[in-house]
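So the structure is just underneath, and the comments pick up after that.
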Amino acid sequence: MLKPKEQRQYYRMQIECPASFRLVGETDFAGAVVKNLSSDGMLVWMDRWVAPGSSIQMHIEPASSITPSLDAHVRVLRCDRLDVDDQTYAAACRIEHIFDPAG
């Protein structure tokens, strides 16, 4: 039996988009870069380790004004240090709620 190369439920779109995040319960936002995005998850590069299971509020602001910003509540599934340097981590996150831009 052949296995498909990609076994994810939803297609992941490769992007390079600036973002900011904060752990739920914290007040300060930190910078991040969203590396890929699907309808139920995202891969985020950040400069700190975040424990799996943590809830994060994400704000993604695309470079183009044609694309609206995205505010979402996500849960960290895993967070691994990258080989790029000692202070960059890749957090795989599941989108739990997307906030209505109208408020």
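Within the stretch 37-47, the set of residues being over 15 Å from Arg78 (Cα atoms) and either assigned to a strand (DSSP E or B) or in contact (Cβ under 8 Å) with a residue 60 or more places away in the chain (or both) comprises just one member, Leu37. Does Gly31 fit the bill of being within 20 Å of Asp86 (Cβ to Cβ) and surrounded by fewer than 15 Cβ atoms within 10 Å (Cβ to Cβ)? Here the answer is yes, as Gly31 does meet what is asked.
Here, each number is a calculation from the coordinates, and none is a lab measurement. This one's a predicted model, so the numbers in the text were calculated from it and none came from an experiment. Counting neighbours? That spans all protein chains shown, and the Cβs are built from the backbone with ideal geometry, glycine included.
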